[in-house]
1. Apply 1/(1 + (r/R0)^6) to the Cβ-Cβ distance of D133 and S35, taking R0 = 30 Å, and write down the FRET efficiency to the nearest 0.05.
2. Taking all protein chains together and a probe of 1.4 Å, list M110, M1, M214 from the most accessible to the least accessible.
3. Provide the per residue accessible area, probe 1.4 Å, for the chain, rounded to a whole number of square angstrom.
4. Round to a whole angstrom and tell me the spacing of the C-alpha centers of region 202-223 and region 254-277.
5. Report the FRET efficiency, 1/(1 + (r/R0)^6), for A24 and F161, where r is their Cβ-Cβ distance and R0 is 41 Å, rounded to 0.05.
6. Starting from the 7 Å offset along Cα-to-Cβ, what nm value, one decimal, do you get for the label separation of D111 and S265?
7. To the nearest Å, what is the center-to-center distance of region 128-156 and region 318-332, using C-alpha atoms only?
8. Please report the carbon-and-sulfur percent of the accessible area for region 1-122; probe 1.4 Å, protein heavy atoms only, DNA, RNA and ligands left out.
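The values are calculated or read from the model by the stated rules, or taken from the named source; none is laboratory data. Here the structure is a predicted model, which means the values were calculated and not measured. Virtual Cβ from ideal backbone geometry, glycine too; neighbours counted across all protein chains shown. Heads up: the accessible areas ignore ligands, DNA and RNA and are worked out on the full protein's heavy atoms, side chains in. Shrake-Rupley method; radii C 1.70, N 1.55, O 1.52, S 1.80 Å.
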Amino acid sequence: MRTQVAIIGAGPSGLLLGQLLHKAGIDAVIVERQSGDYVLGRIRAGILEQITVDLLHEAGVGQRVQREGTVHHSIELVYANTRHPIDVTGLTRGKVVTAYGQTEVTRDLMDARQAAGLTTVYEASNVQVHEFDGSHPRVTYEKDGKKNEIQCDFIAGCDGFHGVCRASVPRGAIHEFEKVYPFGWLGVLAEVAPVSPHAIVYANSERGFALCSMRSLTRSRYYVQCPIDDKVSDWSDERFWDELRLRLDPDMAGRIVTGPSIEKSIAPLRSFVAEPMRFGRLFLGGDAAHIVPPTGAKGLNLAASDVKYLSSALIEHYAEKSDAGIDSYSQRALARVWRAERFSWWLTSLLHRFPDTAGFGQKIQEAELDYLVHSEAMSRSLAENYVGLPLDFGQ
Ligand code: APR
Ligand code: PHB
């Protein structure tokens, strides 16, 4: 088989890239290790920057997020048992974020890909990338016991943190930066009305961090910080709801609607960046290149901005015969990645209980929260990062 761009991974990064390239008349094949149902079964974050929503429109899949997404104008910070609204829209001259699950983004992109008759190879095993440092890269994989090869111009490594693409780069050519946090997030999805349908709630309590989010007016997503070695089986639904209520202010705690969980999982928190994001004719995008802790809701949005930079670069290559975008892809993408890494690390540090932070660190955290909610300058800094810095920020 021959294609222009071989995309490894059919998560949001790979699917969005495939769609944007298709719109520009560029041929791409996606090779995915799992089945489509497995990919759709992964529950992940669900807050979209306007830049991401705009990209979904550009990819031709914006109708449902427009119709069903919930626009948020503010977030609420809870600490010392008190709620403090941050008027995100007011502080950013009208910007908003949209609650719409990553699962739904993935479903919309999968449907569009299928409707356009584009090739996705699901359940491909032993995927390998070859000769991306020369001019004729290749991808090989096995499917139903048969070996297959794709010849291509470029390979897009959109295969997540544990993918094969980053792992195929010679160790000396890549620099990795990592910070692992000493706790996890226990997340619960439940078919109940959200306690706060108009704002996302971030709580710093002496029992640890908690977050109230939503997928729709009838479906809620909640999280509590938990010890990293806890097991999902340690947390009955009842224990989860009790713990969540204990971390919120009394008014909000009293209004939480509980119900059976339809999904419950524990995720570790990690900051990670691999540099550079291009190796000859291999590009990394999304979780394959970087991970943020979920506190700032930046994971999916960063994947989308990588894909915007990469699709523009490839379109420029084919349509204008210019490699300027390809040559600057890594540097442009990494500039935005590091800004989001900083923001996600900062918000994580501000809102969680750290096992090794005693008296002084705790007091500094309280002073910073107090400064944040009373200073318009600092609130604006939070707000402008939360809605997403412009794609050309600082350029
Ligand atoms: N071969 C083929 N496919 C692979 C391989 C492999 N060796 N390894 C992993 N994959 C697939 C995974 O099965 C997965 O479907 O690559 C896909 C990567 O998808 P994601 O992990 O979702 O990463 P990405 O598309 O970059 O999405 C970015 O946004 O909210 C965040 O972290 C969250 O997943 C999220 C991300
Ligand atoms: C979510 O809805 O899953 C969510 C929202 C905000 C975050 C993280 C996750 O910061």
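1. Working: r = 32 Å, r/R0 = 1.07.
For R0 = 30 Å, the calculated efficiency reads 0.40.
2. Values: M110 30, M1 105, M214 0 Å².
Solvent-accessible surface, decreasing: M1, M110, M214.
3. On the way: 16830 Å² over 395 residues.
About 43 Å² of surface per residue is accessible.
4. Cα centres, region 202-223 to region 254-277: 10 Å.
5. Numbers: r = 28 Å, r/R0 = 0.68.
Between A24 and F161 the formula returns 0.90.
6. It is 2.2 nm.
7. Taking the Cα centre of region 318-332 as reference, the centre of region 128-156 is 22 Å away.
8. Working: 2330 of 4990 Å².
Its accessible area is 47 percent carbon and sulfur atoms.
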